[in-house]
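Q: My structure is below; once you've seen it, I'll send some questions.
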Amino acid sequence: MKQFSLTCAALLIAIFAWAGTGAIQGQVFLDEDGQLVPAAFANVSYDYMGVTTGVTTDIEGRFIIKPLEAGLYSLAISYVGYQKRVIENIRVNPDKITRMEATELVSGVGLPPVVITGHRVPLINAEDPTAMTILAAEIQKSPQMRNPGALIASTTPGVYQQDEGQPVYFRGARAGSVVYFVDGVKTRDGSLGVPSTAIGSLTVYTGGVPAAYGDLIGGAVIVETKSFFELYNARQR
């Protein structure tokens, strides 16, 4: 019985540790006289709470980094004899895989690294075309940050709020047809229930809601509160 309890506790810890995390996936190529070949065993590193860590690519030059807290990341990709490349502002959403475009490294020993300050994000997510995710940095910059309902309505097509404090309507559905989940738990009073400053990421589903959130008429608002990792990074800035 004691062994069974320890096993259950370990499983619960693992589930909560992975909840709300995402991943970055990509592929690296080497430019050899105009011909691209997979960069096997290239180094892909990133900073985690002030400590540099990372992975190496497989024989086809592919890599995946997980689990990652939601937020913006910078990757440094290097290979012996080739120019280092740094890609900044890679957006990671909770429970999603960020798929990067192929990265090419060119020959150049001793040259400074190539820094790419922006990462192109597809306008439509093929996995969840009806989902819209807003990260903490975007929330803090929004003039509607202190009114979550207006924030959702201003950033998500098909969502409407008449006045501040009024219900949010999804695609013409009646009031009360929207459910809110905070860190995986459905709120009892049917509202967001947390201040905007505590939100790490906010995902809005206007249709095609995953089965994990139940059978809904309107939509779903999924909130992940800020993690220790995000608070640590904010304090370092």
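Q: Look through segment 194-216, keep the residues that are at pLDDT below 75 and surrounded by 13 or more Cβ atoms within 10 Å (Cβ to Cβ), and return whichever of them is farthest from the chain's Cα centre (by Cα). Give the derivation first.
A: First pass over segment 194-216, keeping only residues at pLDDT below 75: 207-216.
Subset that is surrounded by 13 or more Cβ atoms within 10 Å (Cβ to Cβ): 207, 209, 213, 216.
Values: GLY207: 20, VAL209: 18, TYR213: 19, LEU216: 24 Å.
Top of the filtered list is LEU216.
Q: Also, I was wondering about something else. Residues that are at pLDDT 80 or above and loosely packed, with under 13 Cβ neighbours inside 10 Å: list the strands (runs of 3 or more DSSP E) wholly contained in segment 49-123 that include at least 2 such residues. Working first, answer last.
A: Values: elements: 51-56, 62-69, 71-78, 85-92, 97-99, 103-106, 114-116.
The strands (runs of 3 or more DSSP E) meeting that bar are 51-56.
Q: Next up: Being farther than 17 Å from THR56 by Cα and in contact with a strand residue (DSSP E or B) (Cβ under 6 Å, 6 or more places away or on another chain) is the filter here; which residues of segment 92-116 pass it?
A: Passing the criteria: VAL92, ASN93, PRO94, LYS96, ILE97, THR98, VAL106, SER107, PRO113, VAL114, VAL115, ILE116.
The values are calculated or read from the model by the stated rules, or taken from the named source; none is laboratory data. If you're wondering where the values come from, they're calculated on a predicted model, not measured in any experiment. Don't worry about glycine lacking a Cβ; one is built from the backbone with ideal geometry, like all the others, and counts go over all protein chains shown.
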